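The structure under discussion appears below in the form of structure tokens.
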Amino acid sequence: KSIKLWDSETGDELKTLYGHSSYVSSVAFSPDGKTIASGSNDRTIKLWDSETGDELKTLVGGSEVVKSVVFSPDGKTIASGGYNTIKLWDVSALTEP
């Protein structure tokens, strides 16, 4: 139900991100490191600002739990996977006002 961010050099906990209502099954950083995507058993994907920890957007993936999330190498697409489906999300359409 939460995501913890750690400093890999010191081992110190930096932030805890709260927002999912069930277990978080996957987390991915965008290639530029500015955005975190998290997939959960609550059937949502959340986008987070990696610096502030603020939730940017909640994506509703459908009727399945989200078991995995990954950004494309160019950062323009997120792929999410459940037990029976794979969805592709256009990141620019999700993050622009």
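Around the amide H of Ser40, modelled in the peptide plane, lie the amide H atoms of Ser25, Val66, all under 5 Å away and 5 or more residues distant in sequence or on another chain.
Rg and Dmax of region 1-79, both derived from C-alpha coordinates alone, stand at 12.2, 40 Å. Relative to the Cα centre, the charge distribution of the chain, modelled as +1 at Lys and Arg Cβ and -1 at Asp and Glu Cβ, gives a dipole magnitude of about 480 debye.
Calculated [222 nm] ellipticity per residue, helices only, for the chain: -1000 deg cm²/dmol; basis is -39500 (n - 2.57) per DSSP H run with n ≥ 4, divided by all residues, nearest 500.
Per-residue 3J(HN,Hα) values for region 36-49, derived from phi via the Karplus relation 6.51 cos²θ - 1.76 cosθ + 1.60 with θ = phi - 60°, read 10, 10, 10, x, 9, 5, 7, 6, 10, 10, 10, 9, 10, 7 Hz in sequence order (x marks Gly and Pro). Relative contact order of the chain, taken over Cα pairs closer than 8 Å and 6 or more residues apart, is 19 percent. Which pairs break 21 Å Cα to Cα here: Lys4/Lys34; Lys15/Lys67; Lys1/Lys46? Pairs exceeding the cut-off: Lys15/Lys67.
Near Thr52: Cβ cut-off under 13 Å, other residues only, Lys/Arg at +1 and Asp/Glu at -1. The net charge is -2.
Ranking Ser2, Thr52, Gly39 by Cα position along the charge dipole of the chain, where only Lys, Arg, Asp and Glu carry charges on their C-beta atoms, puts Gly39 farthest toward the positive end. Here the accessible area of the chain is 50 percent carbon and sulfur, with a 1.4 angstrom probe and all protein chains present.
The values are calculated or read from the model by the stated rules, or taken from the named source; none is laboratory data. Note that the structure is predicted; figures quoted are calculated from it, not measured. Positions of Cβ are backbone-derived with ideal geometry, glycine not excepted, and every protein chain shown enters the neighbour counts. For the accessible areas, the whole protein counts, side chains as well, though only heavy atoms, and no ligand, DNA or RNA atoms are used. Shrake-Rupley method; radii C 1.70, N 1.55, O 1.52, S 1.80 Å.
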